[in-house]
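One structure is given below, represented as structure tokens, and several questions about it will come after.
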Amino acid sequence: MGVPPHDLTSDRQDTYSLFTPGNAHSAKICRDFVQRTLETLGLGHLGDTAALCTSELGTNVHQHTKSDVHLRAAVASTHVRIAVYDDGDQLPTPRRPDAEEEGGVTPASAGKGVWFRLNR
């Protein structure tokens, strides 16, 4: 028996969080968390793209900061926004996104968050 698709008919946004130590396994843990969360919510069609992007962000944390990782997946009626936060001070150089992509960097109280958004 399947789970019904995640139904958000208002401007409400549900947020799912994960904390993981900054080690070589963090990227896979974050990737799997995002993919399984989206599948559970009936948004499996976004899973592969979200998992790939999440893995890239998690790998960057391990390579450049070695800090612990805080991942937040926000699911709204029109989009999914995934952000990976770390304690690093250095801001990445944003690349120019494709027409279908949206993402960026948000300074945080300690470190930064790097995020991407996928339309549902």
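Want the number for Asn119 to Thr15: 0.36 nm per residue separation, take away the alpha-carbon distance, what's left?
Working: separation 104, 0.36 × 104 = 37.44 nm, distance 1.58 nm.
Between Asn119 and Thr15, full extension yields an extra 35.9 nm.
Multiplying the sequence separation of Arg72 and Gln90 by 0.36 nm and subtracting their Cα-Cα distance, what value in nm do you get? Intermediate results must be reported in sequence, preceding the final value.
Details: separation 18, 0.36 × 18 = 6.48 nm, distance 2.02 nm.
Stretched out fully, the Arg72 to Gln90 stretch lengthens by 4.5 nm.
Summing Lys, Arg as +1 and Asp, Glu as -1, what charge do residues with Cβ under 11 Å from the Cβ of Ala110 carry, Ala110 excluded?
Here the count lands on -3.
Further, regarding this structure: In whole Å, how far is the Cα centre of the range 105-120 from that of the range 28-93?
10
Give me the number: length gained by fully extending Asn60 to Ser109, i.e. 0.36 nm times residue separation minus the C-alpha to C-alpha distance, one decimal in nm.
The span from Asn60 to Ser109 would gain 15.7 nm if fully extended.
Over all distinct Cα pairs, what is the inverse of the mean 1/r for the range 38-120, reported as the Kirkwood hydrodynamic radius in Å?
It works out to 13.2 Å.
How would you classify the range 10-52 from its alpha-carbon gyration tensor, with a ≥ b ≥ c the square roots of the eigenvalues: rounded for a/c under 1.5, else prolate if a/b is greater than b/c, otherwise oblate?
oblate
Each reported figure results from applying straightforward, stated rules to the coordinates on display, with no laboratory input. Note that the coordinates shown come from a computational prediction; the quantities given were computed from them, not determined experimentally. Here the Cβ is made from the backbone with ideal geometry for all residues, glycine too, and neighbour counts use every protein chain on show.
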